[in-house]
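Worksheet: one structure, shown below.
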Amino acid sequence: MNKQSAFVAAALAGLFSVGISHAADSMDKNADKEKCYGVAMAGQNDCASPAGAHSCAGQSKVDKDPKSWKYVAKGTCMTMGGTLKPM
């Protein structure tokens, strides 16, 4: 293996490890949370609607849309008036 190939291999290994680290951080960040449907205010949803009403975070058009979800602390969804599954 020449020096250029070794450099490219080392750079790719570094990028790969950063990607894995970032994915693990994302999973840890939401480990104590659950998706709660029907509690997000308009424009405050965390991700896409499973029914296809919108495709990204912050695109809900109505308050407490039963098809839009928001991350909440585990065990609090039902007390907030939401559900753990889309309606």
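The values are calculated or read from the model by the stated rules, or taken from the named source; none is laboratory data. The model shown is predicted, which means the values in this text are computed figures rather than measured ones. For neighbour counting, all protein chains shown are included, and Cβ atoms are generated from backbone atoms with ideal geometry for every residue, glycine included.
Here are the numbers:
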quantity: Count - residues of segment 72-87 that are outside any loop (DSSP other than H, G, I, E, B), surrounded by fewer than 17 Cβ atoms within 10 Å (Cβ to Cβ) and either at pLDDT below 85 or touching a Lys or Arg at 6+ places or on another chain (Cβ under 8 Å) (or both); calculated: 1
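Conditions (1) surrounded by fewer than 18 Cβ atoms within 10 Å (Cβ to Cβ); (2) closer than 12 Å to GLY82 by Cα, marked per residue:
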site	(1), (2)
LYS35	no, yes
ALA40	no, yes
GLN44	yes, no
PRO50	yes, no
SER55	yes, no
GLY58	yes, no
LYS61	yes, no
PRO66	yes, yes
